[in-house]
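A.B. asks: I'd like to ask some things about the structure below.
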DNA sequence: GCTGAACTTCTTGTATACAAAATGATTGAC
DNA sequence: GTCAATCATTTTGTATACAAGAAGTTCAGC
């Protein structure tokens, strides 16, 4: 793999884990030293991150970490919910029996992780579940766009899932999704996924509380 | 503006106008000579285009022009239709009277361009119309994503609109959109925009015919 | 004491030089 | 004559050097 790509991943990781705070300027020299490379691959990495929206590139000024605020987060979740709903609607018509089994297996692993209280494993399996739905939409472009957004929102989903009882509720929603897909009911699958992802009611407050705690 | 950005725009232009055909390798040296700069800004431009999906970057091999095939085009239009439908659904509730007037004015300019047979002006005004709808969704993230996709599909919309009578039909659909938005009818606005953008029935054949002609 | 302008310094943007890898050609063996 | 292996060439990826612009500082003037 190109150094520039691995560097991009590592910077992304550092931003998402909070090592770089909102508004921080990412100095090319410092990053080059940190990774033991020259500025060239660092620049490529930063430009790539700028395109993904994780940082902002101000010409001749530098690149700055740009954490989404509450408004932008709500906006992104609103879009994500509709994208997932679309995946569900299409998948309900196109999904294969084998994929349905994959979903059930992913759900079983989710439930096991939940039982063990293993949050990390839960998040990983949860992501796997959603990626299967994306793929089974039968629309490769849609699947890749959905994956991109999912990845971008992943850390914020985690914030939201920290609230008491949310993980169990999330599990139940997954099963409703599988039921609707198995029944081939496009509108029910769409509604189940939209409701699962949308940030509304209690979930809104959970997310805001998570944001405030993360800001500390 | 940075040289790298202007170069990216120019390469993009060259790809969309067909100067670079599908599968062509974009040589950094040649491009650097062509634009009278070094390889550095050319590389930045190519990496940027790779992220937007216009070219494919094969590590250690080079970047290759990657025109979407029929399947990928249909997939992208399917997603675009749903994104526009979502914009319409939200805009129906949130649009301002001033924006409605903007839409009517854009439509009037579209009609004027159609009357003059000025296809370029028509495309420009058509894009303006859609961008207003995106903006009035009240969701800034959605608007920017919609704009990105619109821009990516723009040249193929043109192919499709070449078919006899399609431009007049497109105009009529715009007016149905405005009517639904003015009435605050979210579902009708969504359906009108979905139908306007979706590639189905006759439009599918128009697009394929345009693709074949463009391939020559 | 404060404001403003020039200067210094620091950082980004671009050019060039070098290293490594992939492709293609050439030569030798079968 | 064909196939394979090695070598040369070409091209990407990275490092370094240089140029230009922006921000902060200092000094002069009011």
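Here, each number is a calculation from the coordinates, and none is a lab measurement. In this text, all values refer to a predicted model and were calculated from it rather than measured experimentally. Glycine gets a Cβ as well: all are built from the backbone with ideal geometry, and neighbour counts include every protein chain shown.
A.B. asks: Inside 10 Å of the C-beta atoms of A:43-56, what's the mean count of C-beta atoms belonging to other chains?
C.D. replies: 2
A.B. asks: Order of A:37, A:177, A:79 from fewest to most other C-beta atoms within 10 Å?
C.D. replies: Numbers: A:37 16, A:177 27, A:79 21.
Ranked by crowding around the Cβ, least crowded first: A:37, A:79, A:177.
A.B. asks: For residue B:215, place a label point 7 Å out from Cα along the Cα→Cβ vector, do the same in each other copy, and report the separations in nm, one decimal, smallest first.
C.D. replies: Relative to the other copies, residue B:215 has label-point distances of 5.6 nm.
A.B. asks: Hey, another quick one. Below 8 Å, C-alpha to C-alpha, sequence gap of six or more: please give me the relative contact order for segment B:70-215 in percent.
C.D. replies: On the way: 164 pairs, mean separation 58.3, N = 146.
Contact order relative to length: 40 percent.
A.B. asks: By counting other Cβ atoms within 10 Å of each Cβ, how are A:205, B:57 ranked from fewest to most?
C.D. replies: Details: A:205 12, B:57 16.
The most exposed by this proxy come first: A:205, B:57.
A.B. asks: On to the next question. For residue A:148, place a label point 7 Å out from Cα along the Cα→Cβ vector, do the same in each other copy, and report the separations in nm, one decimal, smallest first.
C.D. replies: Inter-copy label distances (nm, one decimal, shortest first): 0.4.
A.B. asks: Kirkwood hydrodynamic radius, segment A:3-65, all distinct C-alpha pairs: what's the number in Å?
C.D. replies: Answer for segment A:3-65: a Kirkwood hydrodynamic radius of 11.3 Å.
A.B. asks: Hey, how many Å between the Cα centroid of segment B:85-99 and the Cα centroid of segment B:144-213?
C.D. replies: 17 Å
A.B. asks: If one takes the longest principal axis of the Cα atoms in chain B, at what angle in degrees, from 0 to 90 and to the nearest 10, does the Cα axis of helix B:166-183 lie?
C.D. replies: 60 degrees
A.B. asks: If you fit an axis through the alpha-carbon atoms of helix B:119-136 and take the longest principal axis of the Cα set of chain B, what angle between them do you get, 0 to 90°, nearest 10?
C.D. replies: 70 degrees
A.B. asks: Limiting things to C-alpha atoms, what are the Rg and the maximum Cα-Cα separation (Dmax) for segment B:135-216, in angstroms?
C.D. replies: 14.3, 46
A.B. asks: Hey, another quick one. Can you grab the distance from the C-alpha centre of segment A:30-56 to the C-alpha centre of segment B:25-43, Å, no decimals?
C.D. replies: 21 Å
A.B. asks: To continue, here is another question. Can you list the equivalent-ellipsoid semi-axes of segment A:31-104, largest first and in whole Å, using the square root of 5 times each Cα gyration tensor eigenvalue?
C.D. replies: On the way: eigenvalues 291, 72, 19 Å².
Gyration-tensor ellipsoid for segment A:31-104: 38, 19, 10 Å.
A.B. asks: Compare A:106, A:121, A:189 in a GNM of chain A, Cα atoms joined below 10 Å, and give the one with the largest fluctuation.
C.D. replies: Per the Cα network of chain A with a 10 Å cutoff, A:121 tops the list.
A.B. asks: May I ask you to derive the relative contact order of segment B:1-148, considering only C-alpha pairs under 8 Å and at least 6 residues apart, and to give it as an integer percent?
C.D. replies: On the way: 138 pairs, mean separation 28.3, N = 148.
Relative contact order comes out at 19 percent.
A.B. asks: Continuing with the same structure: How big is the Rg/Rh ratio for the protein assembly as shown, C-alpha atoms only, Rh by Kirkwood, two decimals? Mind showing how you got there, number by number?
C.D. replies: Working: Rg = 23.0 Å, Rh = 23.6 Å.
Answer for the protein assembly as shown: 0.97.
A.B. asks: Over 5 Å intervals from 0, what percent of Cα-Cα pairs in chain A sits in each interval?
C.D. replies: For chain A, the binned pair fractions read 1, 7, 14, 16, 17, 15, 12, 9, 6, 3, 1, 0 percent.
A.B. asks: How many nm separate the modelled label positions at residue B:33 and residue A:120, each set 7 Å beyond the Cα in the direction of the Cβ?
C.D. replies: 5.3 nm
A.B. asks: Let me ask another. If you put a point 7 Å past Cα along the Cβ direction, how far is that point for residue B:71 from the same point in each other copy, in nm, smallest first?
C.D. replies: In ascending order, 4.2 nm.
A.B. asks: Okay, next question. Taking beta carbons within 10 Å but only from partner chains, what does the mean come to for residues B:136-146? Don't skip to the answer; put the middle values down first.
C.D. replies: Numbers: counts 0, 3, 2, 7, 4, 13, 5, 1, 2, 6, 1.
Shielding by partners across B:136-146 averages 4.
A.B. asks: If you take each beta carbon of peptide B:66-72 and count the beta carbons of other chains within 10 angstrom, what is the mean? If you can, show how the numbers build up before the last one.
C.D. replies: Values: counts 0, 0, 1, 0, 0, 3, 3.
Across the residues of B:66-72, the mean count of other-chain Cβ atoms within 10 Å is 1.
A.B. asks: Taking only Cα atoms, what is the 0 to 90° angle, nearest 10, from helix A:97-116's long axis to the longest principal axis of chain A?
C.D. replies: Relative to chain A, helix A:97-116 is tipped by roughly 70 degrees.
A.B. asks: While we're looking at this one, here's another question. Taking the axis about which chain B rotates onto chain A, which residue of B lies nearest it as judged by Cβ position, and how many whole Å separate them?
C.D. replies: Residue with the nearest Cβ, plus whole-Å distance, for chain B: B:51, 2.
A.B. asks: Quickly estimate the mean residue ellipticity at 222 nm for the protein assembly as shown, helices only: each DSSP H run with n ≥ 4 gives -39500 (n - 2.57), and the total goes over all residues, rounded to 500. Provide the component values of the computation, followed by the final result.
C.D. replies: Numbers: 20 runs with 330 residues, N = 432.
Theoretical 222 nm ellipticity from helices: -25500 deg cm²/dmol.
A.B. asks: State, as an integer percentage, the relative contact order of segment A:3-65 based on alpha-carbon contacts under 8 Å between residues 6 or more apart.
C.D. replies: On the way: 65 pairs, mean separation 25.6, N = 63.
Worked out over segment A:3-65, it gives 41 percent.
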